[in-house]
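Down below is the structure, laid out as structure tokens.
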Amino acid sequence: MMRMIDDRNILDKFCEDFCNIINKHCRYIVVSGFFAIASGRTRGTEDIDMIMEKLSKDQFRELFSDLTEHGFVCMQSNYSDEVYEYLQDNTSIRFTWKDKELPEMELKFAKDILDEHQLQTREKYKLTKLDVWFSNVNFNIAFKEELLKSPKDLEDARHFRIVYSEKVNENEIQGIKKLIKRFRL
């Protein structure tokens, strides 16, 4: 059972608080499971996945400092330059609220044309009731059906197809699947 804060669950509050800080520094998108949950799918998760545009080391230092000042802590290190190296190596990093293990924000830099295109086509979805940028629903469907393919991911994709039926574009999904085969498989 989720604890409630101001009639919103902890993941929602954590996500919005974190995204509000990121948004001051760069473009980002929330992807994958949390998007499905925020869109009404009932399933558990303890982390939120985010892709953000690449930043210079100085830009990242400013972002890292802002996150720290607002009560977030990086699980990999307290030193922004060390954390930046993880991101440069295409390794994700994780942030939590200070003194709390969960929830977590898993953050990584955009690594290829697929991530860059997702950042360019990001959207806010009224259904989520969150002021957060999400990856385009067609990208989420394609990734879950073509790359991830776990039962949970396939159920997420089915959920997206139902609740965002007016936004589902099969031609776009098939085009993204071709790009996934080219760049990720």
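The values are calculated or read from the model by the stated rules, or taken from the named source; none is laboratory data. Predicted, not measured: the structure shown is a model, and the values here were computed from it. Because the Cβ atoms are built from the backbone with ideal geometry, glycine has one as well, and the counts that use them run over all protein chains shown.
Scanning segment 96-139 for residues that are of a type outside the set (Ser, Thr, Tyr) and part of a strand (DSSP E or B) turns up TRP97, GLU104, MET105, GLU106, LEU107, LYS108, PHE109, GLU123, PHE134.
Picking from residues in segment 1-30 that are β-branched (Val, Ile, Thr) and at pLDDT 95 or above, the one that is farthest from the chain's Cα centre (by Cα) is ILE21. Count of segment 31-71 residues, restricted to those that are under 19 Å from the mean Cα position of the chain (by Cα), surrounded by fewer than 19 Cβ atoms within 10 Å (Cβ to Cβ) and among the polar types (S, T, N, Q), is 2. Taking the criterion of being part of a loop (DSSP other than H, G, I, E, B) and within 19 Å of LYS126 (Cβ to Cβ), the residues of segment 146-185 that qualify are TYR164, SER165, GLU166, LYS167, VAL168, ASN169. Would a scan of segment 77-85 turn up a residue that is of a type outside the set (Ser, Thr, Tyr) and on the phi > 0 side of the Ramachandran plot? No.
Among the residues of segment 50-90, those that are among the polar types (S, T, N, Q) and modelled with pLDDT of 95 or more comprise SER56, GLN59, SER65, THR68, GLN76, SER77, ASN78, SER80, GLN88.
When every residue of segment 85-103 is checked against the conditions, none turns out to be over 20 Å from ASP47 (Cα atoms) and in contact with a helix residue (DSSP H, G or I) (Cβ under 7 Å, 6 or more places away or on another chain).
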